[in-house]
Every structure is written in C-alpha cells, then in structure tokens.
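*Asks:* Please read through the structure below; I'll follow up with questions.
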Amino acid sequence: MYKKLFIPGPTHVVDEILEATAVPMIGHRDSLYSDLHGQVVSKLQQLLYTQGRVLLSTSSSTGMMEGALRNCVRTKALMTNCGEFSKRWAQIAQANGKEIGTVQVESGQAITPEMVDAELAKGDYDTVCITHNETSTGVMNPLKEIAAVAKKYPDVMVCVDAVSSMAGAEIRVDEWGLDVVLAGTQKCFALPPGLCVVSVSDAAMERAAQVPNRGYYFDFIALDKSAQKNQTPATPVISLINALNVQMDRMLAEGLENRFKRHAQMAGYVQDWARKQFALYGDERYLSHTVTNIHNTRGISVAGLNKELATRGAMISNGYGPLKEICFRIAHMGDLQMEDLKWLVGQIEDVLGL
Ligand SMILES: *Cc1c(COP(=O)(O)O)cnc(C)c1O
C-alpha cells in the first residue's frame, strides 16, 4: 500500500510531478535541454529573490555541501552546530582537510547572530556554514540576522544548507547577502531525490577562483561556465529538471507568499496539536515551519505507531540520531496540505486512543 510521506524527505510527490518525470528523453547538448535549463533557472531566481546565478547539480544535497566547502574555504570555516545536519558541515570540512572552529548550542536551541559575531571577530575565518532549518531538532535558525552580522566580515563567505527550508520558507538571497545557498529537491520542492539547486554569489565565484584543489564534479568555475550556456558539464538528471520546471510553475501559480504562509499554517496546526497531546522539543521562538519535532512525553512506541499508520497509508518519522527514541517528527512540507495534516493527526489519535 502506498504510504503518504510525512517524513522530512523524501516527501509526498503529487501525480502531476511524477508524470513530469516520465517524459521522452532529450539530448543534454540539444537546444531543447538548454531551453529547459534556462527556464528552470529563471524561475529559481524568482523563488530565491536573486538576480545572481543558480546552478543545477545532479547530486544529493550532501554532495553540494562538499562543493560549497571545496570552493569557498581557503583555510578555516566557522561551523554553527545545533544538531545532526549542522554537524555534517563539520564532518565534510574535516574530510576535506579544512580547518574549523565551532559555535555550539544545546540540542533544540538556535544559533544566534551574537554567537556568530563573537566568533567571527576572532578574525581567522574565511567562511561560515549555517544550517537554516535543522531538520534533526525542528529548529529554524534566524538566517537573515546571522547573515547580517556575517556581512561585517567581507572576507567571510556565508554558506547555507537550506535543504529542508528552501521553497517552504522565505529566503532572500540578494537582500540577505547569502553567498551559497543549496537544497535538494526531495524536501520542500516535493520532487523525487537526485537534484540539488544552489545559488552562488559573485563573491563566492571570486573566492573559488583563488582556491586550489576545488575538486572536479562540484567545481563552481566549471559549473558556471556551462551554466552560461544553459548547460551542465556532465549529464544532468533531465527527468527531474523537467519535473522541477513543472513544479516551479505550480509554485509560482500558488504564489510564493501563499506557499510560505501555507507552510507556516501547517506548522502552527501541528505545533498546537503537539502541545496539547505531547510537548514540543525545541526553543519555542525558533520552531521550524517545515518539520515539527515532538517530544515523546507519553513514551509511545514510534515504530509501533508507524506500523499502524502504514496500514492506513501514512508514514511519520522517528527522532533523528540521539533523539531517536526521545522524539518523533511530522513533516509538513512541499505539496502537503492542511487537510492532510488534519487527517494524519486524526489517524494518530485513533491509533493511540487519545
Ligand atoms: C535532508 C538534509 C540533508 C541531506 O540531504 P541529502 O539530499 O540526503 O544529501 C542535509 N541537510 C539538511 C538540513 C537536511 O534536512
């Protein structure tokens, strides 16, 4: 039985998008592909409120996180650790021999601009890595405010993992001064996995040009050179790019503000329910608009709940990493609607006898 996915990626994909992946193949050096690429990029620029370049990468988001670090970090990057996905930035940096410093908050807390400012003031950083929405804890960091303090340090590139927020929450790349912002398509874009989009500022391109050993597959210079011809250096995932083009039309037809509001409203609904029946996990001031992390105060078996939900056609997520048994998560992203969440909550109450 098909289970509607209420997990924080991959998320539910509507039929129209599935159908848009199943189109006859075109050659990636054909002008048909370049037309498609150009259309997708201009719609992504609208989504990200940017006049700058948006590159398409056939990879999961983790690949492009590595790309961001390889292209931007000359010597040392600041990590802002608030959970398991922000930790991944540090793991990738270290695997690539980059020096790191870290600001760290307890699980469920948000990174603040003050912390980042105090650490960048030490002076030896050339990059700061931020996780906009920490999917493991359900906390959305104040990206705009953090980026604003980072801008006091012109040498510091601002690299943002927006994997679980882009297309579900507002991100204004140009106005907020974000150098690299990346996201895979299996979260708020509500497409299948395998494609990653990334905005790259002129400053980040200038930085890349000064950094040796950027690697090959994620080299911004090579990706940008091809992108100027609406191409990619290697064969792209054409089926998903076609589906993304259709999805961007749907998104722009919904209206970006409406879309962000819908995510916030679904989050509010799930948060209210969680407060009533369980408790919320993270700092109330920074709750995510795209995924709610619920403190399992009743000590229910999440695996047992999910097994029952499976027979009713739904799937939620357990806590992530160290929170595996302590929390469970309900994602409300992409093409899920308020009615879906109301239905899900009804099913959970029924299973648990609440
Ligand atoms: C899902 C997720 C990732 C990893 O994405 P992949 O597509 O699996 O590489 C990274 N960061 C955040 C915040 C995520 O939610």
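*Asks:* How large is ³J(HN,Hα) for each residue in the stretch 61-69, as worked out from phi by the Karplus curve 6.51 cos²θ - 1.76 cosθ + 1.60 (θ = phi - 60°), to whole Hz, x for Gly and Pro?
*Replies:* Those phi angles translate into 5, 4, x, 6, 4, 4, x, 4, 5 Hz.
*Asks:* Another question about this same structure. I'd like to compare 223-236, 55-68: which one has the highest average count of other Cβ atoms within 10 Å, and what's the full order after that?
*Replies:* Taking the mean over residues of other Cβ atoms within 10 Å, the ranking is 55-68, 223-236.
*Asks:* Quick one: ranking 50, 21 by accessible area, 1.4 Å probe, largest first, what do you get?
*Replies:* In descending accessible area the options line up as 21, 50.
*Asks:* Residue-wise, which Karplus ³J(HN,Hα) couplings in Hz belong to the stretch 135-151, taking 6.51 cos²θ - 1.76 cosθ + 1.60, θ = phi - 60°, and x for glycine or proline?
*Replies:* Karplus-based 3J(HN,Hα) across the stretch 135-151 equals 4, 6, 10, x, 10, 9, 6, x, 4, 4, 5, 5, 4, 5, 6, 4, 5 Hz.
*Asks:* How big is the stretch 177-305 along each principal axis, measuring the range of its Cα positions in Å and listing the largest first?
*Replies:* Rounded to whole Å, the extents work out to 54, 35, 32 Å.
*Asks:* Hey, another quick one. Across 10 Å bins from 0, what is the distribution of all Cα-Cα pair distances for the stretch 30-166, in whole percents?
*Replies:* 12, 40, 34, 12, 3, 0
*Asks:* Roughly how many Å² of residue 218 are accessible to a 1.4 Å probe, to the nearest 10?
*Replies:* About 40 Å², ignoring ligands and nucleic acids.
*Asks:* Let me ask something else. Mind listing the phi-derived Karplus ³J(HN,Hα) values for the stretch 119-125, rounded to whole Hz, using 6.51, -1.76 and 1.60 with θ = phi - 60°, and x for any glycine or proline?
*Replies:* Coupling constants for the stretch 119-125: 7, 5, 4, 5, x, 9, 9 Hz.
*Asks:* Can you list the aspartates and glutamates whose alpha carbon is less than 16 Å from that of residue 87, not counting same-chain residues fewer than 8 positions off?
*Replies:* Qualifying aspartates and glutamates at Cα under 16 Å: 66, 99, 106, 134, 161.
*Asks:* Can you give the % of DSSP beta bridges in the chain that are antiparallel, to the nearest 5?
*Replies:* If we restrict to bridges inside the chain, about 50 percent are antiparallel.
*Asks:* Mind grabbing the accessible area of residue 202 for me, 1.4 Å probe, Å², rounded to tens?
*Replies:* Estimated to the nearest 10 Å², residue 202 gives 100 Å².
*Asks:* Can you list residues whose amide H is under 5 Å from residue 291's amide H, if they're 5+ apart or on another chain and H is modeled 1.01 Å from N?
*Replies:* Residues meeting the criterion, in which the H sits 1.01 Å from N, are 332.
*Asks:* Given axes a ≥ b ≥ c from the Cα gyration tensor, I'd like to know whether the chain is rounded (a/c under 1.5), prolate (a/b larger than b/c) or oblate.
*Replies:* The shape class here is oblate.
*Asks:* Taking H as built 1.01 Å from N, whose amide H comes closer than 5 Å to the amide H of residue 179, not counting residues under 5 places away?
*Replies:* Long-range HN contacts for residue 179: 158.
*Asks:* Tell me what the chain gives for mean residue ellipticity at 222 nm when only DSSP H runs of n ≥ 4 count, each as -39,500 (n - 2.57), the sum divided by the residue total, rounded to 500 deg cm²/dmol.
*Replies:* -13000 deg cm²/dmol
The values are calculated or read from the model by the stated rules, or taken from the named source; none is laboratory data. Here the structure is a predicted model, which means the values were calculated and not measured. We place every Cβ from the backbone using ideal geometry, glycine too, and count neighbours over all the protein chains shown. Remember, those area values only see protein heavy atoms, side chains included, never the ligands or the DNA or RNA. Shrake-Rupley method; radii C 1.70, N 1.55, O 1.52, S 1.80 Å.
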